[in-house]
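All remarks here apply to the structure that follows.
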Amino acid sequence: MREDILQALSELIKEKTELKTEKVELGKVDELVKLIESAYEDRKEVGSTEKKTITALKSYSSKLNTASKNSKKLDSEYEKIFKEVKQLGINPNDIPALKSGKKVVGYSNVYDKLAKQVKSMLSYLSS
């Protein structure tokens, strides 16, 4: 009878151990499910942000191209008028528009470089 009791206890311990193992394995599966759900949510948010970024970059690119064209026109006109004023013997710095214009002349190169970088980013994001 003592052996029967020991054997019954041994089986109970074995069953309890197996149940603990199954509980641990189920816990790992639950954690994995949560990670998968989180990954899908992250992917959804990244996709949404990417679409907004692409839209913003396209708008920025368009504005940079417009600014570059306008800046090139300004540079050309500024240079022409600057030379004409000098030929008339007038100091260009005495003319407020020419003096303040110095601050914005020459930006077309900056706009072109930025536009090139934006185009590269758009190309990367669209691929």
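The values are calculated or read from the model by the stated rules, or taken from the named source; none is laboratory data. Just so you know, these numbers come straight off a predicted model, no measurement behind them. No Cβ is skipped: glycine too gets one built from the backbone with ideal geometry, and neighbour counts run over all protein chains shown.
Below, the figures for the structure above:
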read-out	value
Every residue from the stretch 83-109 that is touching a Pro at 6+ places or on another chain (Cβ under 7 Å) and crowded, with 16+ Cβ neighbours inside 10 Å	Val85, Leu98
Residues within the stretch 51-104 that are in a helix (DSSP H, G or I) and either among the hydroxyl-bearing types (Ser, Thr, Tyr) or more than 37 Å from the chain's Cα centre (by Cα) (or both), tallied	29
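Conditions tested, residue by residue: (1) within 30 Å of Tyr124 (Cβ to Cβ); (2) of a type outside the set (A, V, I, L, M, F, W, C); (3) at pLDDT 85 or above; (4) assigned to a helix (DSSP H, G or I).
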residue: Ile5; (1), (2), (3), (4): no, no, no, yes
residue: Thr17; (1), (2), (3), (4): no, yes, no, yes
residue: Lys20; (1), (2), (3), (4): no, yes, no, yes
residue: Leu26; (1), (2), (3), (4): no, no, no, yes
residue: Val29; (1), (2), (3), (4): no, no, no, yes
residue: Leu35; (1), (2), (3), (4): yes, no, yes, yes
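Rundown of residues vs (1) hydrophobic (A, V, I, L, M, F, W, C); (2) at pLDDT below 90, yes/no style:
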{"site": "Ser76", "(1), (2)": "no, no"}
{"site": "Glu79", "(1), (2)": "no, no"}
{"site": "Gln87", "(1), (2)": "no, no"}
{"site": "Pro92", "(1), (2)": "no, yes"}
{"site": "Lys102", "(1), (2)": "no, yes"}
{"site": "Val105", "(1), (2)": "yes, yes"}
{"site": "Asp112", "(1), (2)": "no, no"}
{"site": "Gln117", "(1), (2)": "no, no"}
{"site": "Leu125", "(1), (2)": "yes, yes"}
